[in-house]
Amino acid sequence: MTGSQATFALYSVLSRKYMPRYGALVITSFAGLVGGAAILPLSWLVEGSPFVPLPPAAWGHLLYITVVATAIPYLLFFYGIVQTGAARGSMFFFLKPVLASVFAYAVLRETLTPAMVAGAALVVGALGLTVIPQTRITIPD
């Protein structure tokens, strides 16, 4: 998990540097190919060959997962990083577990525990403190 977070942080910073030159689509596609190639041997070892024929009904699900649930959100995320900067833009990444909990509650009727609500409040509060421009208070002489 630590390695995953470290490589994602590196990816966020490097993408900010190269995004204006190559664009979000190229950077996201390259990262997906490199990530897929990196995990393929482990996947093959644990799960068996990933190259199995899919039933026709599965292709729609696969297309949704790859395009709507993965590619488009990453493109939007990196577009936001280009607009706001890597440090500020990557802070919004921490909203993922908060939004996942809210959607699980709203759609799947899962329960929200007090710890989940407290954690969400901390994330949203910290994000608010980070994103809101700081004002300077001047004390008259």
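Rounded to the nearest angstrom and listed largest first, the equivalent-ellipsoid semi-axes of segment 88-129 from its Cα gyration tensor are 20, 12, 5. Considering only alpha-carbon pairs that sit under 8 angstrom and 6 or more positions apart, the relative contact order computed for segment 1-84 is 52 percent. From helices alone, the chain scores -24000 deg cm²/dmol at 222 nm; the rule is -39500 (n - 2.57) for each run of n ≥ 4 DSSP H residues, then divide by the residue total. Among complete DSSP H helices in the chain, those whose alpha-carbon atoms stretch at least 30 Å along the helix's long axis and whose mean Kyte-Doolittle hydropathy reaches 0.5 are 24-47.
Subtracting the Cα-Cα distance of Val52 and Ala6 from their residue separation scaled by 0.36 nm leaves 13.3 nm. Checking every one of the chymotrypsin sites (Phe, Trp or Tyr not before Pro) in segment 1-86 against DSSP loop status and a limit of 11 other Cβ atoms within 10 Å picks out Phe51.
Structure remark: mean-square fluctuation, Gaussian network model of the chain, C-alpha springs under 10 Å; the largest value among Pro56, Pro41, Pro97 belongs to Pro56. Length available on full extension from Ile132 to Phe30: 0.36 nm per residue minus the Cα-Cα distance, which gives 33.4 nm.
Who wins for biggest fluctuation among Leu54, Leu112, Leu62 in a Gaussian network model of the chain, springs between alpha carbons below 10 Å? Largest GNM mean-square fluctuation: Leu54. Taking a ≥ b ≥ c as the square roots of the Cα gyration tensor eigenvalues, with a/c under 1.5 meaning rounded and otherwise prolate when a/b beats b/c, else oblate, which class fits segment 1-84? Because a/c hits 1.5 or more and a/b fails to exceed b/c, segment 1-84 counts as oblate.
If R0 is taken as 35 Å, the Cβ-Cβ distance between Leu62 and Ala121 corresponds to a FRET efficiency of 0.45.
GNM remark for the chain: springs join alpha carbons under 10 Å apart, and the peak mean-square fluctuation among Thr113, Thr130, Thr70 falls on Thr113. When you work out D = kT/(6 pi eta Rh) for the chain at 37 °C and 0.692 mPa s, using the Kirkwood radius from C-alpha pairs as Rh and the Stokes-Einstein form, the result is 179 µm²/s.
Over the chain, calculate the relative contact order: mean separation of alpha carbon pairs under 8 Å at least 6 apart, over the residue count, as a percent.
It rounds to 27 percent for the chain.
Each of Leu76 and Val13 was given a label point 7 Å from its Cα along the Cα-to-Cβ line. The distance between the two points is 2.7 nm.
Here, each number is a calculation from the coordinates, and none is a lab measurement. Nothing here was measured: the structure is a model prediction, and the numbers come from that model. Cβ atoms come from the backbone with ideal geometry, glycine included; neighbour counts cover every protein chain shown.
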